[in-house]
1. For region 1-151, what relative contact order do you get, as a whole percent, if you take Cα pairs closer than 8 Å and at least 6 residues apart?
2. Between Asn140 and Ala37, what length in nm is gained on full extension when 0.36 nm per residue of separation is reduced by their alpha carbon distance?
3. Straight-line reach from Lys125: which lysines have Cα under 28 Å away, leaving out those fewer than 8 places along the same chain?
4. Report, in deg cm²/dmol and to the nearest 500, the calculated mean residue ellipticity at 222 nm for the chain, where each DSSP H run with n ≥ 4 adds -39500 (n - 2.57) and the sum is divided by the residue count.
5. Considering only protein heavy atoms and a probe of 1.4 Å, how much of the accessible area of the chain is carbon and sulfur, as a whole percent?
6. At 7 Å along the Cα-to-beta-carbon direction for both Tyr127 and Leu10, put a label point, then send me their distance in nm to one decimal.
7. What per residue convex hull volume, in Å³, comes out for region 1-78 when only alpha-carbon positions are used?
8. Rg to Rh for region 20-157: what is it, with Cα atoms only and Rh by Kirkwood?
Amino acid sequence: EGDVQWLIGLYYFDIDKQFKQGGAGPGLDDLLGGATAAFGRADVPFESVTDQTLEQLALFGEVSYRFAEQWELIFGLRWFDVEQDWRQIANGLINGGMTTDVGTAEEDDVNPKVTLSYDLNEVIKIYATAAKGYRVGGVNQPVPLDAGTGCRAEVQSLGLTAAPTS
């Protein structure tokens with residue numbers, strides 16, 4: 001209770017995950033004269049496996065100050081530290097054969113927040129908030145570059161030689 005109130009907290013997140021994509025086309029290798037087997041497994045034009053670990057720690061807090069009967073000002077901060085590692089293997093005709101990507105990413109920062117609010121009455125509040133936000137990125141799934149359905153031209157039109165891995 002009172003004109004000044006505060007809140008502090010801790011957030012922790014730790015996950016290991018695996019993502020698989022691909023599909024089989026029974027008879028595809030026969031139709032293409034053995035092409036899928038030459039670039040991976042028979043009848044499987046594309047497949048990938050991504051193993052990822054992600055750990056995040058954050059500390060946050062805010063202080064609110066009711067400086068008049070209907071007015072309140074809130075200041076907040078959130079510090080975070082994120083680490084992620086991944087290993088990705090893609091294979092198949094559409095991928096142009098086997099590719100492997102191994103990576104790591106680390107980020108940390110402080111995000112501020114400020115809110116000003118006005119109570120019109122007991123049930124209606126008007127407020128404005130300015131804040132810097134953050135959402136953890138992740139590992140992008142592989143983009144096939146070769147073969148008939150590859151995306152090489154689209155990737156190159158963006159000024160890239162390959163799709164970003166994260």
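The values are calculated or read from the model by the stated rules, or taken from the named source; none is laboratory data. Here the structure is a predicted model, which means the values were calculated and not measured. Glycine also receives a Cβ, built like all others from the backbone with ideal geometry; neighbour counts cover every protein chain displayed. The area values use the complete protein model at the heavy-atom level, side chains included, leaving out ligands, DNA and RNA. Shrake-Rupley method; radii C 1.70, N 1.55, O 1.52, S 1.80 Å.
1. Working: 342 pairs, mean separation 31.8, N = 151.
Reported relative contact order: 21 percent.
2. Values: separation 103, 0.36 × 103 = 37.08 nm, distance 2.56 nm.
Full-extension gain reported as 34.5 nm.
3. Once the sequence-local lysines are set aside, what remains near Lys125 is Lys113.
4. Rounded to the nearest 500, the figure is -1500 deg cm²/dmol.
5. Details: 6200 of 10890 Å².
That share works out to 57 percent.
6. 2.6 nm
7. In region 1-78, the Cα hull volume divided by residue count equals 163 Å³.
8. 1.31
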